[in-house]
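Working notes, structure below.
The values are calculated or read from the model by the stated rules, or taken from the named source; none is laboratory data. Note that the structure is a prediction, hence the values are computed from the model and not measured. Note that each Cβ is placed from the backbone with ideal geometry, even for glycine, and that neighbours are counted across all protein chains shown. With ligands, DNA and RNA removed, areas are computed over all heavy atoms of the protein, side chains included. Shrake-Rupley method; radii C 1.70, N 1.55, O 1.52, S 1.80 Å.
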Amino acid sequence: MPVFRTPASQAKKALRRVLALKTPRHDNRNDGKVHSVGTARSYERALTRVAKWMRERRDNKGLEKLTAEEARTYLEKRALSVRQKTLDQERQALQTLPLVGKLERVKSDPTLKPTRLATEGRAYTPEQVEVIAQAQTPRNALATRIAYASGVRATELLTLMPASERPASEHREWSPDRFDGMGNVRLYTVDGKGGLKREVALPLYLAEQLEACRLKKPERVTDRGVHCKQYYDLGGGNAWSKSFSTASKYELGWSTGAHGLRHGYAQDRMDELQGSGYEHASALETVSQELGHFRADITRVYLR
């Protein structure tokens, strides 16, 4: 029978059978129970990620029926994007499930070190972005996915609005090549630097998630001294940036800051446009407009 519980509720239920928070750990080290509140929180977060992974695979049987073989598959996939400490903690969380039992240690990718970023720039990969998002609250996770998919700045997340309700600035000459090759998208506008209102494109699945967070009436918010109206219950601004960096350090062991998502967007779009036949200069100009720069020299910085 399909499981309709949310990943978070599945994790809570699965952990309930091994919780022993009121009993001291030093007298019960080998009882297979969770005695620490902090450990319980970490395990719950880890099992929520596992449940989400199962859902993405369209496996609706639920956490309590996860097998040891499936748990191993999950860990091997995670080993490509997280460091050893996180991987070991998730293995321990998985071992609390009834059908999993003891798992052999899986080693993380040895290239996942903070120093590797010195030569690879600030950009995040799609796999890293998803790992980070899964460690955030739902509203911050959605903001992270939107920022990566559209290249918007932290404060701009707070100003998202359907393009049908607020058009882009008319004093600019916008390239018709913007968003070429992105498939089915929905256009929004953001209020960017200098008051420039530009269009950004969201994949339909993200647009639908965003619309589900629409506020009944806009709220006035202030971020780092900038006042704006927010139309969605969505993370953004300095608070979201801090959340992103914290989650990145916890999951990956390093952080290049939320601005690294714009770097990732720029590099992905350049690859996409050039792969479809655009000359480098034309692709650079298009991406520059999508990022709200209108200056190719600035966009080149994002490609390092």
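If you wrap the tightest convex hull around every Cα atom of segment 136-207 and split its volume per residue, you get 93 Å³. Beyond 20 Å in Cα-Cα separation lie the following of the pairs K13/K65; K65/K85; K13/K107: K65/K85; K13/K107.
Over all directions, how big on average is the projection of the convex hull of the alpha-carbon atoms in the chain, in square nanometres?
If you wrap the Cα atoms of the chain in a convex hull and average its projections, you get 18.8 nm².
With a cut-off of 12 Å between beta carbons, the residues surrounding R262 carry a summed charge of 0, where Lys and Arg count +1 and Asp and Glu -1. Here K217 is the anchor, and the aspartates and glutamates within straight C-alpha reach of less than 12 Å, apart from those fewer than 8 places off in the same chain, are D233.
Straight-line cross-link reach from K197 at under 18 Å between alpha-carbon atoms covers these lysines, not counting any fewer than eight positions away in the same chain: K229.
A simple rule links phi to the HN-Hα coupling: the Karplus curve 6.51 cos²θ - 1.76 cosθ + 1.60 with θ = phi - 60°, which for segment 200-211 gives 10, 10, 10, x, 4, 5, 6, 4, 5, 5, 5, 5 Hz, with x for Gly and Pro.
Principal-axis analysis of the Cα atoms of the chain puts helix 237-252 at an angle of about 50° to the longest axis. Backbone amide hydrogens, once placed in the peptide plane, bring L19 within less than 5 Å of V34, excluding anything fewer than 5 places away on its chain. Note on F179: accessible area approximately 30 square angstrom, rounded to 10, probe 1.4 Å, nucleic acids and ligands left out.
Exposed loop sites, defined as GluC sites (Glu not before Pro) outside DSSP H, G, I, E and B with at most 14 other Cβ atoms within 10 Å, are absent from the longest region of the chain, namely 174-278. Near G192, the amide H atoms lying under 5 Å from its own belong to K197, R198; only residues 5 or more places off or on other chains count, and H is placed 1.01 Å from N. Shown in residue order for segment 84-99 are the 3J(HN,Hα) couplings computed by the Karplus curve 6.51 cos²θ - 1.76 cosθ + 1.60 at θ = phi - 60°: 4, 4, 5, 4, 5, 5, 5, 4, 5, 5, 4, 5, 7, 6, x, 9 Hz (x for Gly and Pro). Based on Cα contacts under 8 Å between residues 6+ apart, the chain shows a relative contact order of 17 percent. For segment 217-222, putting each phi into the Karplus relation 6.51 cos²θ - 1.76 cosθ + 1.60 with θ = phi - 60° gives couplings of 8, x, 10, 7, 10, 10 Hz, in residue order, rounded to whole numbers and with x for Gly and Pro.
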